[in-house]
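Here's the structure, in structure tokens; my notes come after.
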Amino acid sequence: MKIDHVGVVGCGVMGSGIAQICAMKGYRVVVCEKTETLLGKGMAFIQKELLWLAKAEKLSDDEAKTIFGRIKKATTLNAFDVCDLVIEAVTEDLELKKSLFKELDGVCPDHCLLATNTSVLPVIEMARATGRPEKVLGAHFLTPPPVIPLLELVQTLMTSEETLKEITDFGRSLGKRVVVSQDRPGFIVNRVLTSILFNGVRLLEEGIADKESIDAAMEVGLGLPMGPLRLLDLIGMDTVVLGSDALFKELNDPQYACPISIRRMVAAGWLGRKSGKGFYKYSD
């Protein structure tokens, strides 16, 4: 099957990034949000990113306009009736995702593949909510999707080899290095990364080092592009709590227990970059 039309559910940080990279690689994209306000905010972010690329001379002005023109807006899932692949990128809430996959199964064409961008949740639960579990898999893009050159695919017990091959080819067409994980808690990336992030927070909580030193040690010493506290701010504390709670529930391993300071930050509304304050303060 040739993938031409790609649907993206959600136009937040992840959804807008996925829509952008797909459009940049020539795919026609339909992006859906539940309100015009959220949709407008996400589309404005995509436009801003494309304008920045044009200003940096990585795209021409005409190319930026053409890419943006490939993305169509929608506020109902019915717009996905033309899609060959739909990628879900909503909040890390399993019941919400299962309900969404059931709806997608009812509106998408029979040939359409369904993928979830979840970073920790059991993909099989979403697959079983559909009548096409063999066409469902995880497609975990990393933040930010247009920049990080990795796509982590998650194969469930019911994902067909044909589906896995088609999405592998799709990922490579986006310029991604594709890795495949079985459907286990945290998959590859977050099974390892969560421990690094939380240990960075624990060092701060214990007063062993300040945030700048912790991040610098990881960035300069280990060559990571972003230290654990800056990365937590980018991901968003609310998303971190949901993901780590799901990991801890399945593995019952204390290394995945969310630090209290992160829960307190969520309670205070300090979610990271998207709220203007997390471990660091942000003016934009």
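The values are calculated or read from the model by the stated rules, or taken from the named source; none is laboratory data. Please read these numbers as outputs of a predicted model, since none were measured by experiment. Virtual Cβ from ideal backbone geometry, glycine too; neighbours counted across all protein chains shown. Just so you know, the surface numbers come from the protein's heavy atoms only, side chains and all, with ligands and any DNA or RNA stripped out. Shrake-Rupley method; radii C 1.70, N 1.55, O 1.52, S 1.80 Å.
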* To do: Enumerate the amide H contacts of Cys83 below 5 Å, restricted to partners 5 or more residues apart or on another chain; note that Pro and chain-start residues carry no placed amide H.
  => none
* Structure fact -> Mean accessible area per residue over the chain (1.4 angstrom probe, all protein chains present, square angstrom) is 48
* Structure fact -> Excluding ligands, DNA and RNA, the carbon-plus-sulfur percentage of the accessible area of the chain with a 1.4 Å probe reads 55
* To do: May I ask you to evaluate 6.51 cos²θ - 1.76 cosθ + 1.60, the Karplus curve with θ = phi - 60°, for each residue of the stretch 176-193 and list the ³J(HN,Hα) values in order in whole Hz, giving x for glycine and proline?
  => 9, 7, 9, 10, 10, 10, 6, 7, 10, x, x, 6, 8, 4, 7, 5, 8, 5
* Which ³J(HN,Hα) values in Hz, rounded to whole numbers, follow from the phi angles of the stretch 222-237 under the Karplus curve 6.51 cos²θ - 1.76 cosθ + 1.60, where θ = phi - 60° and Gly and Pro get x? -> 10, x, 6, x, 8, x, x, 6, 5, 5, 4, 4, 5, 5, x, 5
* Along the charge dipole of the chain, Cβ charges K/R +1 and D/E -1, which of Phe68, Gly106, Met237 sits furthest on the positive end? -> Phe68
* Can you list the residues, at least 5 places off or on another chain, whose amide H is less than 5 Å from the amide H of Ala139, using H built in the peptide plane? -> Thr116, Asn117, Thr118, Val154
* What's the angle, to the nearest 10 degrees (0 to 90), between helix 36-55's Cα axis and the longest principal axis of the chain? -> 80
* Asked: Which order, highest average first, do 59-69, 152-162 follow once you tally other Cβ atoms within 10 Å for each residue and take the mean per peptide?
  -> 152-162, 59-69
* Asked: Along the charge dipole of the stretch 1-151, Cβ charges K/R +1 and D/E -1, which of Phe45, Leu94, Met126 sits furthest on the positive end?
  -> Phe45
* Structure fact -> With a 32 Å threshold on alpha-carbon distance, the violating pairs from Lys165/Lys277; Lys102/Lys281; Lys135/Lys249; Lys73/Lys249; Lys72/Lys211; Lys25/Lys97 are Lys165/Lys277; Lys102/Lys281; Lys73/Lys249; Lys72/Lys211
* **With Cα atoms, 0 to 90° folded angle of helix 161-173 axis to the chain main axis** => 70
* How big is the charge dipole of the chain about its Cα centre, in debye rounded to the nearest 20, if each Lys and Arg gets +1 on its Cβ and each Asp and Glu gets -1 on its Cβ? -> 400
* Relative to the longest principal axis of the C-alpha atoms of the chain, give the angle of the C-alpha long axis of helix 13-24, reported between 0 and 90° and rounded to the nearest 10°. => 50
